[in-house]
Amino acid sequence: MKSCLLLFLFALCSPLFGEPAEAIVKSARAQVGKTLVYDPAYVSLKYPGGDVPEERGVCTDVVIRALRTALSLDLQKEVHEDMAANFSIYPKIWGLKRTDRNIDHRRVPNLRTWLKRRGYELPLTKVAASFKPGDLVTCTVPPSLPHIMVVSDKRNAEGVPLVIHNIGRGTQEEDSLFTYPLTAHYRLRLKAAAP
């Protein structure tokens, strides 16, 4: 009986049980005012758990930090391990011959491949109600730059969710969900391990 009570209390406190949406949004929003610079520079990172300095980064860094903080999910490690085992199915846009754990997880096309392989992809629509807090959405910023955003729990006057992202001015929460052509929609559905 005592072990059941402990599992129940753990479930209430852990974002890994049930929907992780609130924790993802909170962790992404916490970067606003801290990540102030858009900086795509290549940086050598420790592994696992590496990160560029908090005051800088790109759109993927918002997602990487949010998932690491909210869910203890290390995309650097996850993407690297999956790429190392399945290199041929990942994009070859950069002419790589092998994985690079410093940058692979910081590239939107690689994250899209990893998210799809995990079964997190949803049908893509232009219906605002389809987008829930904590969802991840990718788009193309003209002329052809891939971008990723976290869907917020706040909405504009028309009911369209805001997004949290770094598109050039550091991490911001703004009304940009449908500004650029959307390319994919993902929702993490993490389940607790069996007791």
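What stretch of the chain, leaving out the sites themselves, is the longest with no GluC sites (Glu not before Pro) in a DSSP loop having at most 13 other Cβ atoms within 10 Å?
56-157
Out of the chymotrypsin sites (Phe, Trp or Tyr not before Pro) in the stretch 30-128, which ones are loop residues according to DSSP with at most 12 other C-beta atoms within 10 Å?
Of the chymotrypsin sites (Phe, Trp or Tyr not before Pro), the ones in loops of the stretch 30-128 whose Cβ has at most 12 other Cβ atoms within 10 Å are Y42, W94.
Among (1) 28; (2) 32; (3) 63, find the value of percent of Cα pairs over 26 Å apart that was calculated from the structure presented, and write down its label.
(2)
Which cross-chain or sequence-distant (5 or more) residues have an amide H under 5 Å from the amide H of L188, H modelled 1.01 Å from N in plane?
L136
Among the trypsin sites (Lys or Arg not before Pro) within the stretch 104-159, which fall in a DSSP loop and have no more than 14 other Cβ atoms within 10 Å of their own Cβ?
Counting only loop positions with at most 14 other Cβ atoms within 10 Å, the trypsin sites (Lys or Arg not before Pro) in the stretch 104-159 are R118, K126.
If you rank C139, C59 by fewest surrounding Cβ atoms within 10 Å, what's the result?
If I rank by nearby Cβ atoms, fewest first, I get C139, C59.
List the residues, sorted by chain then number, that are 5 or more residues from R155 or on another chain and whose placed amide H is less than 5 Å from its amide H.
For R155, whose amide H was placed from the backbone, the distant partners under 5 Å are L162.
Choose one of H147, I89, N110: the residue whose Cα lies farthest towards the positive end of the charge dipole of the stretch 19-186 (beta-carbon charges +1 Lys, Arg; -1 Asp, Glu; about the Cα centre).
I89
Which distance in Å, rounded to a whole number, links the C-alpha centroids of the stretch 63-99 and the stretch 123-157?
About 21 Å separates the Cα centre of the stretch 63-99 from the one of the stretch 123-157.
Placing +1 at every Lys and Arg Cβ and -1 at every Asp and Glu Cβ, with all other atoms neutral, what dipole size does the chain have around its Cα centre, in debye to the nearest 20?
It works out to roughly 440 debye.
Laboratory data are not the source of any read-out in this text; all were calculated from the coordinates shown. The structure presented is a predicted model; accordingly, all values stated were derived computationally and were not measured. Counting neighbours? That spans all protein chains shown, and the Cβs are built from the backbone with ideal geometry, glycine included.
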